[in-house]
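For reference, the structure is listed below as structure tokens.
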Amino acid sequence: APMPPKTAELLERRRRLLGPNVSTFYDEPIHFVRGEDVWLWDADGRRYLDCYNNVPHVGHCNPRVVEAVSRQASRLNTHTRYLHEGILDYVERLTGTFDDALSTAILTCAGSEANDIALRMAEAMTGKRGIIATNATYHGNTTLVSHLSKSNVPEVGFGLADYIRHVEAPDSYRIDDPDGERFAAHVQASIDELEDHGTGFAALIVCPLFLNEGFPTQAEGWLRPAAEAVRKAGGLLICDEVQSGFGRCGSHFWAHQKQGVVPDIVTMGKPMGNGHPVAGLVTTSEIMARFRHAFRYFNTFGGNPVSCAAAMAVLEELEEKDLRSNAARMGALAAERLSNLAEKHPVIGTVRQSGMVFGAEFVVDRGTKEPAGDYADRIVNEMRRRGIILSKLGRHKNTLKIRPPMPFAAEHVDLLFETLDDVLTSTPLRHA
Ligand code: PMP
């Protein structure tokens, strides 16, 4: 079908004003003009169910957050070189959701900045620079952090390759590693390699749910063996909870708690301010002290009073509406619906769920487990045509990723899976 004239015009202006290759979702990009709770509206007044965005964590245009931001913005906004209670009250409340050891924080504007600081903290603590990451993830866009993502490394390079090692991301469907011992052995091999190379080992950084890598099914405590290898080698464990944090996994407020580890540093962002750009990290007082002495870190916008008001309102909303429990309940319901779909549609190889994040891996054949990435693309685009927003990703680029705002309710689960059932039924698997 030809593109609507307004869509074509906006795409042309983007190319001209923002440069080429600025990606959009979907074959037919969407022009949203309004959001409310779990719903989005496009310029033609069409309504979509948002099953993908984890930034509007407590719902699009959440009234409590909007009110908190506008109240603070109309009173004062400045930076952290002046005294203000906002950041202190927030950090007190935020660190209250962590193990007692994780008692201090730095606030930034983006998850990338938080990960960048975490890597510098690891260097400050260990005097070494070697970093280990998984091989199909994304941690952000600073020069240093971009090198953690294999798909992201600039061809010119900055000589950082010497410092970074990649281990294979877990894949519960194809790799037998029920208790994380195999993963830990790979981490250990990379630690040894960094030591032999003379670089030395500073830190392992992982998303505890491996959300960019297809969120494999893992037993509670799966990360513990890898964490032990890291500790024994004198390195730091950094958990990137930019996607997995703030109750998303349902059973716990932070996904590392589900994984049975206490990291040295936890980074966060995306849902933290419900769309207001606030991110940060939490760490021990010892690591913080070492970092504050080694680097005179200042972030002009990080932790400003308006950001802290937004972030505080998100925590209040999560607690008052008990949205973590909702994530656990709706996630369980979604898992049930996914299993039913898997019985009916052989293209579903396996299903995944951890609280309010769930999905399915599409395969050409259940015997060979050959990933059906193109099929996943077609489903995502067809769901968009039917007014449901979701996406796909994963190690094999064939995993449907469904990650709705936390107020997602049973009626939304129903609409999502009725539509998905229809779409799977009407979309045949064509062999490439
Ligand atoms: N870590 C993870 C796991 C992410 O998914 C992202 C963003 N997709 C980032 C870090 C980077 O965050 P930001 O875009 O806020 O810099």
Does at least one position in the stretch 151-165 carry a residue that is surrounded by fewer than 17 Cβ atoms within 10 Å (Cβ to Cβ), outside any loop (DSSP other than H, G, I, E, B) and either within 16 Å of the ligand (Cβ to nearest atom) or not assigned by TED's automatic domain parsing to the domain that holds Phe295 (or both)? yes
Taking the stretch 257-267 and the residues there that are assigned to a loop (DSSP other than H, G, I, E, B) and of a type in the set (A, V, I, L, M, F, W, C), the one that is surrounded by the fewest Cβ atoms within 10 Å (Cβ to Cβ) would be Val262
Residue pairs qualifying under the 6 Å Cβ cut-off, at least six apart or on distinct chains, with the first in the stretch 90-115 being at positive phi and away from the ligand (no atom under 13 Å from the Cβ) and the second being modelled with pLDDT of 95 or more and assigned to a loop (DSSP other than H, G, I, E, B), are none
Within the stretch 222-256, restricting to residues that are part of a helix (DSSP H, G or I) and under 16 Å from the mean Cα position of the chain (by Cα), the one that is nearest to the ligand (Cβ to nearest atom) is Ala255
Reported set for the stretch 167-183 where residues are aliphatic (A, V, I, L, M) and either more than 14 Å from Gly394 (Cβ to Cβ) or in contact with a Gly (Cβ under 9 Å, 6 or more places away or on another chain) (or both) is Val167, Ala169
Within the stretch 195-215, the residues that are of a type outside the set (D, E, K, R), surrounded by fewer than 24 Cβ atoms within 10 Å (Cβ to Cβ) and either under 19 Å from the mean Cα position of the chain (by Cα) or part of a helix (DSSP H, G or I) (or both) are His197, Asn212
(1) more than 29 Å from Asn326 (Cβ to Cβ); (2) surrounded by 21 or more Cβ atoms within 10 Å (Cβ to Cβ); (3) charged (D, E, K, R) all hold for Arg366 apart from (2)
field: Test result for Val145, within 26 Å of Asn212 (Cβ to Cβ) and either among the β-branched types (Val, Ile, Thr) or assigned to a loop (DSSP other than H, G, I, E, B) (or both)
entry: yes
Being in contact (Cβ under 8 Å) with a residue 12 or more places away in the chain and in a helix (DSSP H, G or I), is that true of even one residue in the stretch 126-136?
yes
Can you confirm whether the stretch 168-179 contains a residue that is among the polar types (S, T, N, Q), away from the ligand (no atom under 16 Å from the Cβ) and not in a loop (DSSP other than H, G, I, E, B)?
no
Among strands (runs of 3 or more DSSP E) completely within the stretch 1-102, the ones holding 2 or more residues that are more than 25 Å from the chain's Cα centre (by Cα) are none
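The values are calculated or read from the model by the stated rules, or taken from the named source; none is laboratory data. Everything numeric here is computed off the predicted structure, so don't read it as measured data. Every residue, glycine as well, gets a Cβ built from its backbone with ideal geometry; the counts of neighbours run over all protein chains shown.
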